[in-house]
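Data first, discussion second: the structure below is written as structure tokens.
Only the coordinates and a few stated rules stand behind these numbers; no lab work does. Note that the structure is predicted; figures quoted are calculated from it, not measured. All Cβ positions, even for glycine, are placed from backbone atoms using ideal geometry, and neighbour counts span all protein chains on display.
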Amino acid sequence: MQEVRRVISVIAMNESSVLARVSGLFAGRGYNIESLTVAPIPKSNLSRFTIVTKGNAKVIEQITKQLNKLISTLKVIEHEEMVEKEMVLIKFSANESLADIKALCSAYNGGIVNAGENSVIVMIADESKRIEYFLSAAQRYNPIEIVRGGVVAIER
Amino acid sequence: MKMSGAQMVCEALIAEGVTTVFGYPGGAIMNVYDAIYKQSKFEHILTRHEQAAVHAADGYARATGKVGVAMVTSGPGFTNAVTGIATAFTDSIPLVVISGQVPLSLIGTDGFQEIDAVGISRPCTKHNYLVGSLEELPRIMKEAFYIASSGRPGPVLVDIPKDITAEMGEFVYPKEVHIPTYKPSYKGNDRQIKKAVEAILNAKKPLLYLGGGVVLSNAGKLVRELAALAQIPAVETLMARGVMGYENPLLIGMLGMHGSYASNMAMSETDLIVSLGARFDDRVTGKLSEFAKYADVIHVDIDPANIGKLVDVDYPIVGSITDVLEKMISLLKHSVKPDRYQAWREILARYNELHPLKYDDSDEVLKPQWVIQRVGELIGKDAVITSDVGQHQMWVAQFYPFDRPRQWINSGGLGTMGFGFPAAIGAKRGVPEKIVVNFTGDGSILMNMQELVTAAEYKIPVINIILNNHFLGMVRQWQTFFYDKRYSETDLSFQPNFKALAEACGGIGYDVTTKKEFDEALKDALKQNKVCFMNVAINRFENVLPMVPAGGALYNMLLEHKDK
Ligand SMILES: Cc1ncc(C[n+]2csc(CCOP(=O)(O)OP(=O)(O)O)c2C)c(N)n1
Ligand SMILES: [Mg+2]
């Protein structure tokens, strides 16, 4: 069976060990996590997890079923039709060409968010695939540090 | 009413109708033990090891269908309990395990006897709680019992910091639970059920594949009704022995690694599996790609995650077996033509004649199969049977005449040696009117032999029949078959004096080497009504057959073993 990439959202109670329950399930059953983000859902006692995973159709089905089975889980959303974005922060040396960096960023929904004496920091928010393109283009300017935020997603 | 957290724990247990708690005290749980001392609504049985406390609660739950309760202290008390919890988890047994924890202020400081109980037990509980405040304690107790016993049952751990059990507060026990994130579904989808029934009507070789879920959902009667109505033959997993009853002509036998020839051939040739509360375990299916190649699959299970996990399913039905079977029966009543499956039933009957379960009896040495059948002849239906893990377990599953669900109690999923004796103690407490016999091995019994003391003290007359082959027999069998007889660390020739051991702990011991001695010992044990060890010397190199070698196809069974 063919491996596919999937974005799965989990709505679960915002309680102390729920992150361990979710991540422990992946570790214990040998499922793969490419990225995972968690944050509380405003005006509720719930949290939203966004998990990017890989596996064949059978594995993806088991993942959603096992996630649903957790007592703390309210809902599991596994859609092909998700709008997904990822954020990334990159630090460049101030000696690089700032104008070029700025132009590159604006092509990818981003810009400079901080400029200091020795370095500038830029932020991009885009689809994961485009983030990859951006990162390879940015290599030219010798990035000092790259911090990726993991995917967040919402149903269309 | 104002009371301490410890009292609240007791009041909650009483409100849940608990009459027996199995446990072992220690620092972090002492407040609760003090409250236990002051009440008289439930009894507490002090086992001599926490693992045994949990197995006893488990045996109690399996024999009665009620939630079993065990109580342990923090740190080593809890870690000792983990094997018991995991055993219950893999067989979906409803338990509430209460553990003490260090005070809230010490959590995270590596305090004395502090261990992350919810962390360790997360993968082997259905759910677990670290109680964070006195206010939430009553709600958590209520939820624990509800979660343990609803949906697909399982153990729930409630870990309670010591300061919370000391604190005073107002006790109001909730009447209902509100867990918005947990809503098990019991009702099977009507359309799916209808389609499944049509598949049964169109099949030529349908087969009921019965698992432990039938026992858990108390659906034995309905299963027998369905089988009788449609005249569909049935195979049982290790966990479902007793569901059909050994006298039922529609019962083909047990399937799987040590299943009967006819059962495994039935599974290999059926054109429609009707799976009820079974989960296609690897010990049942053998090589998956060769498993039931001609069959469509109806899979009824309360746990959606079980469906389609290993085998592709044509008719998935999520729901309780009881609900689904009631609907199936009412649909089949007017439409089923039992004659349609006549040829199929005859084929399977012929398979059973061709290769029945068998063994070569002997006049020189006792054969384990004879001992098991003899117990069946002498006390049969009057007994509840537990077992440990190994060859003896398989022989009991093959040869004991089980006649009802909950008569057979064993650790199937985890295969925990040491389970049998404490589980028998719990079962006897749950169904005191029955004789309780634990078939065990000379290896397994030593893993919880300290419970002799518990059984003697509380006068719990469990009969332990040690089928003594002076080997870790099941491992020895694999070494004989697959490791060229290199008997690495399986020879148990060095033995304790089992008779003296039992007597030293306040029980009775018997040494048995002949059929006559066995009959006499059993007769005496029944009369004395005291815990006993019956040390039965059996043929050392007896093998469990048939056998499907691990990873092999189910239809490729070793039917006999010829020594090279
Ligand atoms: C706690 C535990 N440790 C190890 C095993 C592996 N194991 C399975 S069967 C067996 C041998 C059991 O020997 P005995 O109790 O004498 O039973 P027999 O097979 O001889 O009937 C062993 C070691 C196990 N199932 N459980
Ligand atoms: Mg043995």
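Below is a table of values for the structure above.
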quantity	calculated
Value of Rg to Rh for the stretch B:263-413 (Rh from inverse mean 1/r over Cα pairs, i.e. Kirkwood)	1.00
Exposure proxy ranking, count of Cβ atoms within 10 Å, fewest first, for A:Phe49, B:Phe481	B:Phe481, A:Phe49
A:Ile71, B:Ile298 arranged by Cβ crowding within 10 Å, fewest neighbours leading	A:Ile71, B:Ile298
Cα-based Rg and Dmax for the stretch B:190-354, where Dmax is the largest Cα-Cα distance (Å)	14.0, 41
Loop-located chymotrypsin sites (Phe, Trp or Tyr not before Pro) in the stretch B:257-352 whose Cβ has at most 16 other Cβ within 10 Å (DSSP)	B:Tyr294
Taking the C-alpha atoms of the stretch B:2-170, convex hull volume expressed per residue in Å³	93
Rounded to whole Hz, the Karplus (6.51, -1.76, 1.60) HN-Hα couplings of the stretch A:98-105, x for glycine and proline	5, 4, 5, 4, 4, 5, 4, 4
Along each principal axis, Cα extent of chain A, largest first, Å	53, 40, 30
Bins of 10 Å from zero: percent of alpha-carbon pairs in the stretch B:404-475	19, 53, 25, 3
Mean residue ellipticity (222 nm) of chain B, computed from DSSP H runs ≥ 4 via -39,500 (n - 2.57), nearest 500	-11000 deg cm²/dmol
Relative counts (whole %) of C-alpha pair distances in the stretch B:236-278, using bins that are 5 Å wide	5, 22, 32, 31, 9, 0
Order of A:Phe134, B:Phe419 under a 10 Å beta carbon neighbour criterion, fewest first	A:Phe134, B:Phe419
Shielding by partners, peptide B:304-313 (average Cβ within 10 angstrom, other chains)	3
Packing rank of B:496-506, B:20-30, B:460-470, B:104-114, where each peptide gets the mean count of other beta carbons within 10 Å, highest leading	B:460-470, B:20-30, B:496-506, B:104-114
Between 0 and 90°, nearest 10: helix A:57-69 axis offset from chain A longest Cα axis	70
Other-chain or far-sequence residues with amide H under 5 Å of B:Gly552's (modelled H)	B:Lys287
For the stretch A:83-155, convex hull of alpha carbons as volume per residue, Å³	72
Chain B pair-distance distribution - Cα-Cα, 20 Å bins, rounded %	21, 51, 26, 1
Coil-residue trypsin sites (Lys or Arg not before Pro) of the stretch A:1-94, DSSP, other Cβ within 10 Å capped at 13	A:Arg29, A:Lys43
Separation of the A:Ile154 and A:Arg140 label points, Cα + 7 Å toward Cβ, nm	3.3
Over the protein assembly as shown, equivalent-ellipsoid semi-axes from the Cα gyration tensor in Å	49, 34, 25
Three principal axis lengths of the stretch A:40-90 [C-alpha, angstrom, descending]	35, 30, 20
Ellipsoid equivalent to the stretch A:4-80 - semi-axes via the Cα gyration tensor, in Å	20, 13, 11
